[in-house]
Structure formats: structure tokens, C-alpha cells
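All remarks here apply to the structure that follows.
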Amino acid sequence: MELLYFTVAAIALYFVSDWIVDRIEHVAGRRFEHRTLLFFAIIFALGMVFFWLIRMLTDGP
């Protein structure tokens, strides 16, 4: 069951991170040249938090 939680979280994180990057670019008024680095930083940070939460809530090791 834990695998399902991680999979759903990963899919959600992808779309949320993309939305956040789009919002940041919209506020800046331009597309960033190194958009993928910003996307990676956001998905990495959110992933660490969400995966830690999943581990804590499912009593993982």
C-alpha cells in the first residue's frame, strides 16, 4: 500500500511543481532559460517533505 502512496504523491508532485513554475514565470513576465533547474529544485524540495510525511504516517522504517 505504501508503494501506491508514493506513486500517487510523485504524480501529484510533478503537476504541482509544473504549476508552481508556471506561476513564477507568469509573475516574472517571461519564460526562464533554465526552467528545468527551477522545476527540479521545487520537485526535490516538495518530494523530500511529502515522502517523509508518507513514511511517518505509514509507520515506515
(message) Tell me whether the range 29-39 contains one or more residues that are touching a residue at least 24 places away in the same chain (Cβ under 8 Å) and either assigned to a helix (DSSP H, G or I) or out of contact with any Asp or Glu (no Cβ under 7 Å at 6 or more places or on another chain) (or both).
(response) no
(message) Of all residues being among the small types (G, A, S) and in a helix (DSSP H, G or I) in the range 40-60, which is nearest to T7 (Cα to Cα)? Just the residue, please.
(response) G47
(request) Being among the aliphatic types (A, V, I, L, M) and under 14 Å from the mean Cα position of the chain (by Cα) is the filter; apply it to the range 15-39 and report the residue that is nearest to M1 (Cα to Cα). (result) V16
(message) Can you list residue pairs whose Cβ atoms sit under 8 Å apart, with the first residue in the range 4-16 being within 10 Å of L46 (Cα to Cα) and the second being at pLDDT below 95 and of a type in the set (D, E, K, R)? Count only pairs 6 or more apart in sequence or on different chains.
(response) none
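Let's see how each residue does on (1) loosely packed, with under 14 Cβ neighbours inside 10 Å; (2) at pLDDT below 95; (3) out of contact with any helix residue (DSSP H, G or I) (no Cβ under 9 Å at 6 or more places or on another chain); (4) not basic (K, R):
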site: S17; (1), (2), (3), (4): no, no, no, yes
site: V27; (1), (2), (3), (4): yes, no, yes, yes
site: E33; (1), (2), (3), (4): yes, yes, yes, yes
site: F39; (1), (2), (3), (4): no, no, no, yes
site: R55; (1), (2), (3), (4): no, yes, no, no
site: P61; (1), (2), (3), (4): yes, yes, no, yes
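The values are calculated or read from the model by the stated rules, or taken from the named source; none is laboratory data. As the structure is a prediction and not an experimental result, all values here were calculated from the model. Using ideal geometry, Cβ is built from the backbone for each residue, glycine included, and neighbour counts are taken over all protein chains shown.
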